[in-house]
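S.K.: This structure is in structure tokens; I'll ask about it shortly.
The values are calculated or read from the model by the stated rules, or taken from the named source; none is laboratory data. Since this is a predicted model, take the numbers as computed values, not measurements. Positions of Cβ are generated from backbone atoms using ideal geometry, with glycine treated the same way; all protein chains shown enter the neighbour counts. All accessible areas refer to the heavy atoms of the entire protein, side chains included, with ligands and DNA or RNA removed. Shrake-Rupley method; radii C 1.70, N 1.55, O 1.52, S 1.80 Å.
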Amino acid sequence: MNKTRKVSRNRPIPEAFRGKVYLDPTYDPAFKELFDSEDALRDFLDGVLDLEGDDKIKTLRFSFDKAVLFRVPQRSKVVFDIFATTGSGRFLNVEMQRLENDFFVDRTILYKAFLVIKGRKEMEISPEFKALTPEQQRYRRYLLPETISIWICDFDLPDAKGEYRDEWALYSRHAVREGKTVPLSGKNRYIFLSIPNFTKSADEVDCAADVWLYLLNHARDGGELPDFGSGIVEDALERIRVENADDELLQAQELNMTTKEDYESWMAGKVIKARAEGEIVGESRGKAEAEKKASDRTAKRIDYLRSMGVSEEIIAGAAAIE
């Protein structure tokens, strides 16, 4: 079942990846390669959602870097790392988040709002909804599909310190006070997974969710990983194996070590904190230091690309990522 990719590589493997068996899937390019298979993503989602037997996802459509645009009234956009739709009408986004920032919770809520609206709009144009009579459609004007946001975090979870899994939902304060912890709606779920807090050994892995968390946590260690007897996992590992990666994937992996969005969000939090504490001088110094680090990182990448014979036009585009 092994489906080793056809490699197109005209340059040596970059120094950053030598001695490594796999690309680190907590970075965007390798993350997409790991889950670039309906079987792999379905196996991951079945595991994370605890779906078994007839409840397992039967059909799945997905896309990477799905931009969702709305005018509310200004033009707004979010980009989902993975946007997926199941045959049962469930909508999901899966996000890989390497860096913690002060607006992380706000960001998850904003993304979920866009996912709910996107799901509702998709539901309205589905054949099943269009087949309803106008009266039936009006009756369902407030009906929402099930939406699930899954955030894979390379840091501790906001309110579950030390735990590797947490879930949020909408609860009644009164019901919780009375000891009833059933969500008001089972259609609105947030699932958070902390990679560094997943400490199970390979022998302790006992479900599909554990398997994928183990891979995400240990692919960056440098050595071979077990496939846990799964052809799906074997194929996924082959997709991120360094020796199977072509020039395009290796270059993308290097250039996407830190995303612009994560960096800007992190900096915004630092600036607001500095202002709130009246540390204007510290703010300026922090900005200068951050800008210098960004400049140094860009220069290093440019030098590397030139050493690999990349054209100046492509280098200019790569530098703009910073």
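S.K.: Please tell me if Phe198 is within 19 Å of the chain's Cα centre (by Cα) and either surrounded by fewer than 16 Cβ atoms within 10 Å (Cβ to Cβ) or over 30 Å from Lys20 (Cα atoms) (or both).
M.R.: Values: within 19 Å of the chain's Cα centre (by Cα): yes; either surrounded by fewer than 16 Cβ atoms within 10 Å (Cβ to Cβ) or over 30 Å from Lys20 (Cα atoms) (or both): no.
No.
S.K.: Among the residues of region 132-152, write down those that are more than 19 Å from Phe114 (Cβ to Cβ) and open to solvent by less than 10 Å² (accessible area, probe 1.4 Å).
M.R.: Initially, region 132-152 is screened for residues more than 19 Å from Phe114 (Cβ to Cβ), giving 132-141.
None - no residue of region 132-152 is more than 19 Å from Phe114 (Cβ to Cβ) and open to solvent by less than 10 Å² (accessible area, probe 1.4 Å), so the list stays empty.
Condition check ((1) farther than 16 Å from Glu248 by Cα; (2) modelled with pLDDT of 95 or more; (3) crowded, with 17+ Cβ neighbours inside 10 Å; (4) among the hydrophobic types (A, V, I, L, M, F, W, C)) across all residues:
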site: Gly19; (1), (2), (3), (4): yes, no, no, no
site: Asp28; (1), (2), (3), (4): no, no, yes, no
site: Leu41; (1), (2), (3), (4): yes, yes, yes, yes
site: Leu49; (1), (2), (3), (4): yes, yes, yes, yes
site: Asp54; (1), (2), (3), (4): yes, no, no, no
site: Val72; (1), (2), (3), (4): yes, no, no, yes
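S.K.: So the check is Cβ under 7 Å with 6+ separation or different chains; which pairs have a first residue in region 12-27 that's among the basic types (Lys, Arg) and a second one that's in a loop (DSSP other than H, G, I, E, B)?
M.R.: Between residues of region 12-27 that are among the basic types (Lys, Arg) and residues that are in a loop (DSSP other than H, G, I, E, B), the close pairs are Lys20/Gly222.
S.K.: Also, quick follow-up: Within region 105-129, which residues are touching a helix residue (DSSP H, G or I) at 6+ places or on another chain (Cβ under 8 Å) and either in a loop (DSSP other than H, G, I, E, B) or touching a residue at least 40 places away in the same chain (Cβ under 8 Å) (or both)?
M.R.: Arg107 - this is the single residue of region 105-129 that is touching a helix residue (DSSP H, G or I) at 6+ places or on another chain (Cβ under 8 Å) and either in a loop (DSSP other than H, G, I, E, B) or touching a residue at least 40 places away in the same chain (Cβ under 8 Å) (or both).
S.K.: Would you pick out the residues in region 203-234 that are on the phi < 0 side of the Ramachandran plot, over 20 Å from the mean Cα position of the chain (by Cα), in contact (Cβ under 8 Å) with a residue 24 or more places away in the chain and open to solvent by less than 40 Å² (accessible area, probe 1.4 Å)?
M.R.: Gly223, Leu225, Ser230, Gly231
S.K.: How many residues are among the acidic types (Asp, Glu) and in contact with a Phe, Trp or Tyr (Cβ under 6 Å, 6 or more places away or on another chain) when one looks only at region 89-136? Full working, then the answer.
M.R.: From region 89-136, those among the acidic types (Asp, Glu) are 95, 100, 102, 106, 122, 124, 128, 135; that's our starting set.
If we keep only those that are in contact with a Phe, Trp or Tyr (Cβ under 6 Å, 6 or more places away or on another chain) as well, we get 95, 100.
Of the residues in that region, 2 qualify.
S.K.: Here is a follow-up. Give, as residue ranges, the helices (runs of 4 or more DSSP H) completely inside region 191-255 that count at least 1 residues that are out of contact with any helix residue (DSSP H, G or I) (no Cβ under 9 Å at 6 or more places or on another chain) and within 30 Å of Thr147 (Cα to Cα).
M.R.: Numbers: elements: 208-218, 231-239, 247-255.
Of the helices (runs of 4 or more DSSP H) lying wholly inside region 191-255, those with at least 1 residues that are out of contact with any helix residue (DSSP H, G or I) (no Cβ under 9 Å at 6 or more places or on another chain) and within 30 Å of Thr147 (Cα to Cα) span 208-218, 231-239.
S.K.: Output the number of the condition that Tyr263 fails; it satisfies all remaining conditions of (1) farther than 30 Å from Asn10 by Cβ; (2) modelled with pLDDT of 90 or more; (3) open to solvent by less than 60 Å² (accessible area, probe 1.4 Å).
M.R.: (2)
S.K.: Go through region 155-180 and report how many residues are over 26 Å from Thr85 (Cβ atoms) and open to solvent by 30 Å² or more (accessible area, probe 1.4 Å). Can you show your working first?
M.R.: Taking region 155-180 first, the residues over 26 Å from Thr85 (Cβ atoms) are 155-164, 171-180.
Filter again for open to solvent by 30 Å² or more (accessible area, probe 1.4 Å), leaving 156, 158-159, 161-164, 171-174, 176-180.
The number of residues fulfilling the criteria is 16.
S.K.: Is there any pair linking a residue in region 133-145 that is in contact (Cβ under 8 Å) with a residue 24 or more places away in the chain to one that is surrounded by 10 or more Cβ atoms within 10 Å (Cβ to Cβ) and acidic (Asp, Glu), with Cβ under 8 Å and at least six apart or on different chains, and which?
M.R.: Pairs that qualify, where the first residue is in contact (Cβ under 8 Å) with a residue 24 or more places away in the chain and the partner is surrounded by 10 or more Cβ atoms within 10 Å (Cβ to Cβ) and acidic (Asp, Glu), are Pro145/Glu122.
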